[in-house]
Amino acid sequence: MQGKTLIIAGGGAAGFFCAVNAAEKNPGLKVIILEKSNKLLSKVRISGGGRCNVTHACFDRHQLVKRYPRGERFLKKSFVHFSPEETVSWFAKRGVQLKTEEDGRMFPVSDDSGTIISCLLDAATRRGVQVLLHQEVKKLSRIGELWQVDCGSENYKADFVCIACGGYPKPAMFQWLTELGHTAASPVPSLFTFNIGDKILNNLMGISIPDAQVKIMGSKLMERGPVLVTHWGLSGPAVLRLSAWGARELAALNWHFKVQTNWIPEYNENSLRSFLQQFRFEKAAMKVVNRNPFSLPQRFWEYHLEIAGINAETRWSDLPSKEQNRLIKNLCAQEFEVKGKTTFKEEFVTAGGINLAEVDPDTMESRLNKNLFFAGEVLDVDGVTGGFNFQHAWTSGFVAALAISTRLTERPVKA
């Protein structure tokens, strides 16, 4: 191992996790992180509104992989080596306790992403990991058994290289990797909110519907969960999951499509009509504005009365059937035209990246180039929101570090 060097391209979650674990497992290994910008762990800092959604409390591997629109089969193998349980344990051993929220997301008990950043930076410092900023890898080439890493003004040599540079927004940016024989699935945005040009929605900004069903019209894409009304349209977990599963299909439509929303998904139009018949009988004398039978936010209920043409002072017994039918239609099947997308809280995630058939999921090593490894979003793996993308970062970084460690301790086979 003496004199061996590992270079990691990228100072994000996957890169740091690979660096720290490789250095801990191999004290004699020289580990260098090359980061193209002047910022380290930038996504960790902004994740979860600055709290860092470290992972998700989904400890059944077969259920866990279903949270990834791309990469399910690949992750079934890699999660065997490092799971969410091991993520929780890894941070706990280094003094960082995680907590689980009602929806399964896991955060540091400090509610501060700085806790995770400090943990990783301290671990890297303790193990002598060298971090070099403003060093963007532009080319990799082989010189005998070594890799030459070209950063333009600087060149480095390494026995092992791990690519953890994150996702690229444009296919051309993968060129330095395709020159090595790799192919990349064309990148498209994932995890985005839907822009809707309905000015009436502007008055509803900030309203959250705890349980709604959103369907992309003309497709099988449909998700159910919380939906948030924003000043530009629709967001929230259901919409973000839909954007992830439909990333390629929606990109092909140039993000212009129609959605149908059921704001009370326990009903369809027929069952809601039956319910309202009984409800109107029981609450006949009450004004419709004062008696919202679905626990919808009051402002949202008044909006639906308005667009159905119902006078708020109308009593339930006097509600005309024409207006009632409009109300039923809008509550169970309201349609919106989506005219674009907006990045969710700066958490830019791409669908696309290095073809998974070209990478061994048990080691993260390239099947085409010996001692070349991949970790994180540069691979064609992406998860829905909720800590799943970070879990892939931790897992892939750890698996690459473990494989490098194994390679270093292997004894040559005698002839």
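The values are calculated or read from the model by the stated rules, or taken from the named source; none is laboratory data. The structure displayed is predicted, hence computed values, not measured ones. Cβ coordinates were reconstructed from backbone atoms using ideal geometry, including for glycine residues, and neighbour counts include every protein chain displayed.
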Handout entry: Enumeration of residues in region 47-60 that are among the polar types (S, T, N, Q) and either outside any loop (DSSP other than H, G, I, E, B) or under 18 Å from Leu121 (Cβ atoms) (or both)
Key = Ser47, Thr55
Practice task
State all residues of region 214-246 that are in a loop (DSSP other than H, G, I, E, B), at pLDDT 95 or above and surrounded by 21 or more Cβ atoms within 10 Å (Cβ to Cβ); if no residue qualifies, say none.
Solution key: Gly246
Practice task
Considering every residue within region 248-269, establish whether at least one is surrounded by fewer than 16 Cβ atoms within 10 Å (Cβ to Cβ) and among the hydroxyl-bearing types (Ser, Thr, Tyr).
Solution key: no
Completion exercise
Matching residues in region 77-95 (assigned to a helix (DSSP H, G or I) and within 14 Å of Gly383 (Cβ to Cβ)) number 3
Exercise for the section: Can you confirm whether region 70-86 contains a residue that is within 19 Å of the chain's Cα centre (by Cα), surrounded by fewer than 21 Cβ atoms within 10 Å (Cβ to Cβ) and farther than 22 Å from Asn21 by Cβ? Expected result: yes
Exercise for the section: Restrict the check to region 249-270 and report whether at least one residue is at pLDDT below 95 and not in a strand (DSSP E or B). Expected result: no
Exercise for the section: Can you confirm whether region 114-124 contains a residue that is touching an Asp or Glu at 6+ places or on another chain (Cβ under 8 Å), over 21 Å from Leu40 (Cα atoms), surrounded by fewer than 21 Cβ atoms within 10 Å (Cβ to Cβ) and not β-branched (Val, Ile, Thr)? Expected result: no
Fill in the blank from the handout: Just one listed residue, out of Leu121, Leu64, is touching a His at 6+ places or on another chain (Cβ under 8 Å), part of a helix (DSSP H, G or I) and of a type outside the set (D, E, K, R), and it is Leu64
Exercise for the section: Please state which of the following conditions Lys220 fails to meet, knowing it meets all the rest: (1) in contact with a strand residue (DSSP E or B) (Cβ under 9 Å, 6 or more places away or on another chain); (2) not assigned by TED's automatic domain parsing to the domain that holds Ile163. Expected result: (1)
Completion exercise
Over region 1-32, the set of residues part of a loop (DSSP other than H, G, I, E, B), of a type outside the set (Lys, Arg) and under 17 Å from Arg407 (Cβ atoms) is Met1, Gln2, Gly3, Asn26, Pro27, Gly28, Leu29
Practice task
For region 344-358, indicate whether the set of residues that are at pLDDT 95 or above and more than 27 Å from Ser47 (Cα to Cα) is non-empty.
Solution key: yes
Problem - Subset of region 361-402 [touching a residue at least 60 places away in the same chain (Cβ under 8 Å) and part of a strand (DSSP E or B)] - result: Ser366, Leu372, Phe373, Phe374, Leu379, Asp382
Practice task
Kindly check whether there is at least one residue in region 24-47 that is in contact with a strand residue (DSSP E or B) (Cβ under 9 Å, 6 or more places away or on another chain), among the β-branched types (Val, Ile, Thr) and either surrounded by fewer than 17 Cβ atoms within 10 Å (Cβ to Cβ) or under 17 Å from Thr87 (Cα atoms) (or both).
Solution key: no
Problem - Meets criteria (of a type in the set (Gly, Ala, Ser) and outside any helix (DSSP H, G or I)) for Ser110 - result: yes
Problem - Answer from Arg291, Arg241 - the residue that is of a type in the set (Lys, Arg) and in contact with a strand residue (DSSP E or B) (Cβ under 9 Å, 6 or more places away or on another chain) - result: Arg241
Exercise for the section: Taking only region 99-119 into account, find how many residues are under 20 Å from the mean Cα position of the chain (by Cα) and over 20 Å from Glu24 (Cβ atoms). Expected result: 14
Problem - Phe300 being within 34 Å of the chain's Cα centre (by Cα) and either in a strand (DSSP E or B) or in contact (Cβ under 8 Å) with a residue 60 or more places away in the chain (or both) - result: yes
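With Leu368, Leu356 as the choices, which residue is more than 13 Å from the chain's Cα centre (by Cα), farther than 21 Å from His81 by Cβ and assigned by TED's automatic domain parsing to the domain that holds Val20?
Leu368
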Completion exercise
If we keep only residues of region 174-204 that are in the same structural domain as Ser243 (by TED's automatic domain parsing) and in a helix (DSSP H, G or I), then the residue nearest to Pro297 (Cα to Cα) is Leu204
Fill in the blank from the handout: Picking from Tyr168, Tyr156, the residue that is among the aromatic types (Phe, Trp, Tyr), surrounded by 13 or more Cβ atoms within 10 Å (Cβ to Cβ), touching a residue at least 12 places away in the same chain (Cβ under 8 Å) and farther than 18 Å from Ala375 by Cα would be Tyr156
Practice task
Under 8 Å between Cβ atoms, at least 6 apart or on separate chains: pull out the pairs that start in region 34-46 with a residue that is part of a loop (DSSP other than H, G, I, E, B) and end on any residue that is among the polar types (S, T, N, Q).
Solution key: Glu35/Gln135; Lys36/Gln135
Practice task
State whether one or more residues within region 323-332 are outside the structural domain of Val381 (by TED's automatic domain parsing), loosely packed, with under 15 Cβ neighbours inside 10 Å, at negative phi and not aliphatic (A, V, I, L, M).
Solution key: yes
Fill in the blank from the handout: Picking from Cys18, Cys58, the residue that is over 25 Å from Pro237 (Cβ atoms), modelled with pLDDT of 95 or more and surrounded by 18 or more Cβ atoms within 10 Å (Cβ to Cβ) would be Cys18
